[in-house]
1. Count neighbours as other Cβ atoms within 10 Å of each site's Cβ, and list the GluC sites (Glu not before Pro) in region 3-52 that are DSSP loop with at most 13 such neighbours.
2. Give the angle, between 0 and 90 degrees and rounded to the nearest 10, that separates the Cα long axis of helix 85-96 from the longest principal axis of the Cα atoms of the chain.
3. Hey, what's region 47-94 come to in accessible area per residue, 1.4 Å probe, Å²?
4. Give me the one-decimal nm value for the distance between modelled label points at residue 3 and residue 26, 7 Å along each residue's Cα-to-Cβ direction.
5. Amide H of residue 103: which non-local residues (sequence gap of 5 or more, or other chain) have their own amide H closer than 5 Å, using H built in the peptide plane?
6. Counting other Cβ atoms within 10 Å of each Cβ, which trypsin sites (Lys or Arg not before Pro) in region 65-100 have at most 14 and sit in a DSSP loop?
7. How high is the FRET efficiency from residue 106 to residue 39, r the C-beta distance, R0 30 Å, rounded to 0.05?
8. Over its Cα atoms, what ratio of radius of gyration to 2.2 N^0.38 Å does region 35-79 give?
Amino acid sequence: MERRLISGYGAWEKTVGYSRAVVVGNYVHVAGTAPVTRDGSPPPEGSYEQTKLCLEIIGEALERAGSGLEHVVRTRVYLTDPAHFEGYGRAHGEVFRDVRPANTTVV
């Protein structure tokens, strides 16, 4: 079965041995995504901004895979504090309001 690897710009991809996304057949599997900036600067402060950055990183990988955020069927989110839910939820809703993928959010 043919696999196509989509690399990101994370410093650990080669060391740890993972890809930002892997395309197999008609499926694109995206790795868990943290708000890591391209230039290595500190991540944004708030959960809204961090979620927006994560979704931009994911969207870029999906585009490179020949897909897009409009094709997402499932999201999984891990929050470290319930206080982050509002910001995350607002950013997730802006991107997925009409797509409405299945979602699991773990706090």
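1. Details: sites: 13, 45, 49; in loops: 45.
Those that pass, being in a loop and sparsely packed, are 45.
2. 50
3. Values: 2910 Å² over 48 residues.
Accessible area per residue, region 47-94: 61 Å².
4. That separation, rounded to one decimal, is 2.2 nm.
5. For residue 103, the qualifying residues are 75.
6. Values: sites: 74, 76, 90, 97; in loops: 97.
Those satisfying the criteria are 97.
7. Details: r = 30 Å, r/R0 = 0.99.
E between residue 106 and residue 39, to the nearest 0.05, is 0.50.
8. Values: Rg = 11.5 Å, N = 45, 2.2 N^0.38 = 9.3 Å.
Normalised Cα radius of gyration, region 35-79: 1.24.
The values are calculated or read from the model by the stated rules, or taken from the named source; none is laboratory data. All of these numbers come straight from a predicted model, not from anything done at the bench. Don't worry about glycine lacking a Cβ; one is built from the backbone with ideal geometry, like all the others, and counts go over all protein chains shown. Accessible surface is based on the protein model in full, side chains and every heavy atom, while ligands, DNA and RNA are left aside. Shrake-Rupley method; radii C 1.70, N 1.55, O 1.52, S 1.80 Å.
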